[in-house]
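Asks: Just passing along the structure, written as structure tokens.
Nothing in this text is a laboratory measurement; each read-out follows from the coordinates by a stated rule. Just so it is clear, the structure is predicted and the values come from calculations on it, not from any experiment. Counting neighbours? That spans all protein chains shown, and the Cβs are built from the backbone with ideal geometry, glycine included.
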């Protein structure tokens, strides 16, 4: 089982000890980043392992390797020596590991470490990308059989992440630490066990950044079920880009834990859909949620799709078939209509005139349900050509997000549905259609759920409108995804708990 390491980047030893106590239940190892300590604190590092009460890695990371140390190599070697000196018989009071970069050649340090049971991590950090032959690089790091090779590379795209997993597979016989820095590689930190990595590094967000892409220990262990993941664990995920605010992992991993399913659900931000599909094949993903901007682009790459997907032209859920290929369905549609009908107390949309803002995958799901349930629609989009294309199949009115649409929108204002990503982080004050002034009689739904109230919803609420965000839709569509993945009922008793988890995190 891969272990959880907390990188300690506080300026004082006491602050680092406080971070250990904060996360002790979630971590197995701590890494003391001496390069982050105040100069006076660096002279006190020898006693830290005994104070920490768990195995500690001694690390002094140079700026060239992504650290903060810039006082010269002589000073750094002297600090390493200080940390390893005066070793005690009780090994728990010594540093359990020392991280030495591949270019350090100081036999006295290595001899001191081995004499008193401190294992050497022989590391290489490439902050600019990956290596042509990653497996060869890993095998070349460890100088002796008792050293642990560590390779950390910066992922520039998902293709780099794929090569990290491939290198991990090619070095399966080795004890190693292999990780992919950056947001694109966070999935490799979560899937350290399938990748055969000895450690996964985490950090306290209240301290200095340790490395890009790290999660905090609680998120890794509690919300991604890190300690339950093995090479046999089934992997699911969500693909999109930039994928900054998805809460689907919280939903699925909570359900997996409750139902005792050996599975994990992981985010896969992907700049290229083809790269994601290659990675999915590498990891043998069993299924995935598909979000912006790939709900339409995914369809030609699927082996088969449901009638709903074929009709609306948007897919948000794919499942690996036993034969090569993927099958696709859309659960957004039912998630949308069920949540909105529940909110309004209606059984259908007959006699209602409804405006939909947007023309992407989420809008397609909403429009198809409005049509199926008898509503009359107006589709508005910044690109009016896309609005027109979507409207044709339903013979709905359409237009751009401009002053010319205002009169028509006022006649289609029983319900107004906002389906675009405008209003999500970081642009939480953005409004997709500031020209429209709410009258107070409208029911207004924004499919965004983080933040809980977008600028668009705040304006509507201030005018006296009834407002609804996308949280209930998110959970309802996930319910149908779960049923599709596992062919069994969703545990409905978990829904209140899931709503609370998402609200608390948001």
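Asks: Divide by every residue of the chain the summed helix terms, -39500 (n - 2.57) for each DSSP H run of at least 4, and state the resulting mean residue ellipticity at 222 nm, rounded to the nearest 500 deg cm²/dmol.
Replies: Details: 18 runs with 171 residues, N = 506.
After summing the helix terms and dividing by residue count, I get -9500 deg cm²/dmol.
Asks: What is the Cα convex hull volume of the chain when expressed per residue in Å³?
Replies: Numbers: hull volume 80.6 nm³, N = 506.
Looking at the chain, the number lands at 159 Å³ per residue.
Asks: Give me the percent relative contact order of the stretch 1-130, please, defined on Cα pairs under 8 angstrom at least 6 residues apart. Write out the running numbers ahead of the final one.
Replies: Values: 202 pairs, mean separation 26.9, N = 130.
Once divided by the residue count of the stretch 1-130, the mean separation gives 21 percent.
Asks: Helix 273-283 versus the longest principal axis of the chain: what is the Cα-based angle in degrees, 0 to 90, to the nearest 10?
Replies: 50
Asks: Considering only DSSP beta bridges where both residues belong to the chain, give the percentage that are antiparallel (nearest 5).
Replies: About 10 percent, rounded to the nearest 5.
Asks: Given an 8 Å cut-off on Cα distances and at least 6 residues of separation, report the relative contact order of the chain as a percent.
Replies: Relative contact order comes out at 9 percent.
Asks: Among 154, 181, 312, which comes first, second and so on when ranked by fewest other beta-carbon atoms within 10 Å? Show your work: numbers first, answer last.
Replies: On the way: 154 20, 181 23, 312 27.
Ranking 154, 181, 312 by Cβ neighbours within 10 Å, fewest first, gives 154, 181, 312.
Asks: Related question: Expressed as an acute angle from 0 to 90° and rounded to the nearest 10, what is the orientation of the C-alpha long axis of helix 158-170 relative to the principal long axis of the chain?
Replies: Tilt relative to the chain: about 50 degrees.
Asks: Sort 431, 146 so that the residue with the fewest other Cβ atoms within 10 Å of its own Cβ comes first and the one with the most comes last.
Replies: Ascending number of Cβ neighbours within 10 Å: 146, 431.
Asks: How would you order 195-202, 66-73, 104-111 from highest to lowest mean count of nearby Cβ atoms within 10 Å?
Replies: 195-202, 66-73, 104-111
Asks: Given Cα pairs under 8 Å that are at least 6 residues apart, what percent is the relative contact order of the stretch 333-469?
Replies: Computed over the stretch 333-469, the figure is 20 percent.
Asks: Between helix 332-344 and the chain, what is the angle of the helix's C-alpha long axis to the longest principal axis, kept within 0 to 90° and rounded to the nearest 10?
Replies: That helix lies at roughly 60 degrees to the long axis.
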